[in-house]
Amino acid sequence: MILLTGGTGYIGSHIAVELLQAGNEVAILDDLSNSDKSVIERIQHIAQRNVIFYHGDVRDSSLLASIFQDHHIESVIHCAGLKAVGHSVKDPLAYYDVNVYGSICLCSAMQKAGVKRLLFSSSATVYGIEAEPPYVETMARGVSSSPYGTSKGMVEKLLEDLFASDPQWSVGILRYFNPIGAHPSGYIGELPQGTPNNLMPYISQVAAGVLPELLIYGDDYATDDGTCVRDYLHVVDLAIGHRVALTVLEEPGVHRYNLGTGSGISVKQMVDAFVASIGVEVPYRYAPRREGDLAAFWASASKAERDLGWQPGKTLEDMMVDTWRWQQFSNKAQQSS
Ligand code: NAD
Ligand code: UDP
């Protein structure tokens, strides 16, 4: 059985579906602080398999001990955490508490239970503000622009130290670039609370008329069209990346992988791609740069391809179409509630 923390969240729910569809038994631990219990039924509906659900906090050591006691857990995928970059600047203690202390609680429960295989949800942000793209796994971690990014780097270091102390550990550090899109079934996707901070949910809410217009933060960056460049990947491809990364845990060590497509797309190109794929206008206006944004970064995707045989299979159009389907599903769900 695989223990998946944060499994009712955006990325975790897609990982749960992928694991169940591949025949794994899955237990989810989530405190529902940024997700909804209905996601469990939706995961089960898509996968046509049951999942075990624990409603609880990853910092609850006695709950963790009982989960490890009650099930034969082979590996853990740790997605639970706080992820809003701007919020982390305002409330850094919450980020160090949930992201760092939460990981300490999880690892110490694993150690006590003799479970030493872990995949960790890290982020491209650990490469830091000075790194030159493409980001390669051999680059050292840099200085992050936010407590969120720092918390991810701290957990990476903690996991490296854990392996140094006990070489039976197998740790997979997965550095996500910009996951977008939703499951093609339309049953699961990202559920931003309030106004979204991220580009893709913002675009789709503008297209749906929930928000009046998109502000494109900055048109004077040193990029082809002056807007920021990121490496967007489909969340289903990201979930598949976790399933295949579990295989590297058979080998003890610290395994670092970028999960990105290997190419960058600008904000303006994203808006144009959405309009071209969906045929709905997205009113936008240029606004000043957003504090803390980097001009451009994307992944070197060759290590994951070489070692894991992982390559994102979804197109930019898939990302747009699946985002839009999910937007319509969420609109309907809101209207009927
Ligand atoms: P999400 O907020 O949708 O999912 C995180 C889940 O963790 C939520 O369901 C939330 O309820 C749960 N959670 C939060 N605190 C918890 C706690 N103390 N105990 C138990 N559960 C808790 O976020 P996501 O986008 O699915 O991100 C998943 C992971 O991937 C996070 O660690 C995030 O930092 C990382 N990540 C996300 C992105 C991204 O763009 N979405 C990029 C890089 C890394
Ligand atoms: N962005 C934007 N308007 C928005 C949200 C985001 O122009 O309403 C830009 C943002 O400046 C960045 C890119 O879109 O250049 C991706 O932002 P997101 O927050 O999705 O990802 P991250 O900044 O974490 O890479």
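The values are calculated or read from the model by the stated rules, or taken from the named source; none is laboratory data. Values in this document were obtained by computation on a predicted structure and should not be read as measured data. Glycine gets a Cβ as well: all are built from the backbone with ideal geometry, and neighbour counts include every protein chain shown.
For the range 187-200, check the following and say yes or no: at least one residue is away from ligand 1 (no atom under 15 Å from the Cβ), within 19 Å of His87 (Cβ to Cβ) and either crowded, with 23+ Cβ neighbours inside 10 Å or at pLDDT below 95 (or both).
There is at least one residue in the range 187-200 that is away from ligand 1 (no atom under 15 Å from the Cβ), within 19 Å of His87 (Cβ to Cβ) and either crowded, with 23+ Cβ neighbours inside 10 Å or at pLDDT below 95 (or both).
If Asp293 passes every condition in (1) at pLDDT below 95; (2) within 30 Å of Ser75 (Cβ to Cβ) but one, which one does it miss?
Exception for Asp293: condition (2).
What do you reckon, is Ile46 within 16 Å of ligand 2 (Cβ to nearest atom) and either surrounded by fewer than 16 Cβ atoms within 10 Å (Cβ to Cβ) or modelled with pLDDT of 95 or more (or both)? Break it down stepwise before answering.
Details: within 16 Å of ligand 2 (Cβ to nearest atom): no; either surrounded by fewer than 16 Cβ atoms within 10 Å (Cβ to Cβ) or modelled with pLDDT of 95 or more (or both): yes.
The answer is no for Ile46.
Would you mind finding the one in Ser103, Ser108 that is crowded, with 17+ Cβ neighbours inside 10 Å, without any contact (Cβ under 8 Å) to a residue 60 or more places away in the chain and not basic (Lys, Arg)?
That would be Ser103, the only listed residue that is crowded, with 17+ Cβ neighbours inside 10 Å, without any contact (Cβ under 8 Å) to a residue 60 or more places away in the chain and not basic (Lys, Arg).
Can you confirm whether Pro133 is within 14 Å of ligand 2 (Cβ to nearest atom) and either over 19 Å from the mean Cα position of the chain (by Cα) or closer than 21 Å to Ser13 by Cβ (or both)?
yes
Which residues, taken from the range 271-304, are within 12 Å of ligand 2 (Cβ to nearest atom) and either of a type in the set (Asp, Glu) or on the phi > 0 side of the Ramachandran plot (or both)?
Glu291, Gly292, Asp293 - these are the residues of the range 271-304 that are within 12 Å of ligand 2 (Cβ to nearest atom) and either of a type in the set (Asp, Glu) or on the phi > 0 side of the Ramachandran plot (or both).
Before we move on, is Leu233 closer than 23 Å to Trp310 by Cα, away from ligand 2 (no atom under 14 Å from the Cβ) and modelled with pLDDT of 95 or more?
No, not satisfied.
Please specify each residue of the range 150-174 satisfying the condition of being under 25 Å from Asp91 (Cβ atoms) and either out of contact with any Phe, Trp or Tyr (no Cβ under 9 Å at 6 or more places or on another chain) or more than 16 Å from ligand 1 (Cβ to nearest atom) (or both).
If the condition is that a residue be under 25 Å from Asp91 (Cβ atoms) and either out of contact with any Phe, Trp or Tyr (no Cβ under 9 Å at 6 or more places or on another chain) or more than 16 Å from ligand 1 (Cβ to nearest atom) (or both), then Gly153, Lys157, Leu158 are the ones that fit.
In the range 162-218, which residue that is in a loop (DSSP other than H, G, I, E, B) and β-branched (Val, Ile, Thr) is farthest from ligand 2 (Cβ to nearest atom)?
Across the range 162-218, the extreme among qualifying residues is Ile188.
On the given criteria, is Leu64 out of contact with any helix residue (DSSP H, G or I) (no Cβ under 6 Å at 6 or more places or on another chain) and surrounded by 20 or more Cβ atoms within 10 Å (Cβ to Cβ)?
No: the conditions fail for Leu64.
Residues of the range 143-161 being within 30 Å of Ser204 (Cβ to Cβ) and not in a helix (DSSP H, G or I), which ones?
Matches in the range 143-161: Ser144, Ser145, Ser146.
Scan the range 130-141 and tell me whether some residue there is within 12 Å of ligand 1 (Cβ to nearest atom) and out of contact with any Gly (no Cβ under 6 Å at 6 or more places or on another chain).
No, because not a single residue in the range 130-141 is within 12 Å of ligand 1 (Cβ to nearest atom) and out of contact with any Gly (no Cβ under 6 Å at 6 or more places or on another chain).
Looking only at the range 13-27, decide whether some residue is in contact with a strand residue (DSSP E or B) (Cβ under 8 Å, 6 or more places away or on another chain), within 16 Å of ligand 2 (Cβ to nearest atom) and either within 10 Å of Phe53 (Cα to Cα) or touching a residue at least 24 places away in the same chain (Cβ under 8 Å) (or both). So that I can check it myself, show each step before the final result.
Going through the range 13-27, the residues in contact with a strand residue (DSSP E or B) (Cβ under 8 Å, 6 or more places away or on another chain) turn out to be 15-16, 19-20, 24-27.
Then drop every residue that is not within 16 Å of ligand 2 (Cβ to nearest atom), which leaves none.
Scanning the range 13-27, I find no residue that is in contact with a strand residue (DSSP E or B) (Cβ under 8 Å, 6 or more places away or on another chain), within 16 Å of ligand 2 (Cβ to nearest atom) and either within 10 Å of Phe53 (Cα to Cα) or touching a residue at least 24 places away in the same chain (Cβ under 8 Å) (or both), so the answer is no.
Quick check on Val248: is it of a type in the set (Val, Ile, Thr) and away from ligand 1 (no atom under 16 Å from the Cβ)? Break it down into steps so the answer makes sense when it comes.
Values: of a type in the set (Val, Ile, Thr): yes; away from ligand 1 (no atom under 16 Å from the Cβ): yes.
Spelling it out, Val248 is indeed of a type in the set (Val, Ile, Thr) and away from ligand 1 (no atom under 16 Å from the Cβ).
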